[in-house]
Amino acid sequence: MKTFIRKILWKFGYDLQKTENSGGSARLAYDLAQITQPTILLDVGANEGQSALEYLDFFPNSKIISFEPLSSAHLIMSQKSKAYPSWTVYPRTAIGDVPGSTEINISNNSVSSSLFEMRAAHTAVSPSSITTSKERTSIIRLDDAMEEYSKNERYFLKIDTQGFELNVLRGAEKILDQVVAIQVELSWTELYAGQPLALEVMQWLIDKGFHPLGFAPGLREKSRNSLLQMDGFFIKRIIALEELVGNTIG
């Protein structure tokens, strides 16, 4: 019911949010879906399927393919997906640019788990994110995972991989022609050792022909009200230009 009400409000330019939540990721994802009409949502870093469950309402005519390297989260998500014919959970693996295997650092809250080691700056603002264990996982390229799918598919690529976002993108260059929209987590501070920061990831996307549609704030350092992470939403530039021309003519 809540999602239904929000979708009606969105059509009139409003949103329904808790007062302490200044986000807007769901609304921007909805807007991107309406503009680009993807046929498949690629949910990279899906954790237990939180985003997929929400996006099943936003992408009624699309399939969802979720990727997750944590064994515990992957198991939970696989159970959830059984109730939705359009939702596929890919065999457990990390997504990156160099195939192989590695260890993933498992955080206490699960969602902050990363292939990179966590910096103190992260645990300082989110103590529940502390690393508690590790496990091995395979790594594959998104290009390889999507080889069996039609070249006519239109992909919405959502990436939430705790610092590994640029690695995911570099492993998806063959399918970028089919990617019409991208949602990616961006960091302004090095929360994971060696991770590319927001400007580097954004410049890579711009160079590949994507245009920013909007940004939604995420993790903050509250004592100084400093933004540490945000979600960036990008649309293929040619689609953005077509939308602009269409609105101008209309």
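Rule-based calculations on the coordinates, nothing more; no lab input. This one's a predicted model, so the numbers in the text were calculated from it and none came from an experiment. With ideal geometry, Cβ positions are generated from the backbone for all residues, glycine too; neighbour counts draw on all protein chains shown.
Just to be sure I understand the curve: with the Debye formula and one point per C-alpha of the range 139-182, what is log10 I(q)/I(0) at q = 0.25, 0.28 Å⁻¹? Computed log10 I(q)/I(0) values: -0.93, -1.12.
Only Cα pairs under 8 Å and 6+ residues apart enter the sum, and on that basis the relative contact order of the chain stands at 18 percent. For the chain, lysine pairs separated by 8 or more sequence positions, or belonging to different chains, with Cα-Cα distances below 18 Å total 16. DSSP bridge analysis restricted to the chain gives an antiparallel fraction near 55%, rounded to the nearest 5. Annotation: the chain has a Kirkwood hydrodynamic radius of 18.6 angstrom, from the mean reciprocal C-alpha pair distance.
In a GNM of the chain with a 10 Å cut-off on Cα contacts, which of Ser226, Ser138, Ser114 has the highest mean-square fluctuation? Answer for the Gaussian network model of the chain: Ser226.
If packing is taken as the average number of other Cβ atoms within 10 Å across a peptide's residues, how do 193-204, 59-70 rank, most packed first? If you can, show how the numbers build up before the last one.
On the way: 193-204: 15.6, 59-70: 20.5.
Output ranking for 193-204, 59-70: 59-70, 193-204.
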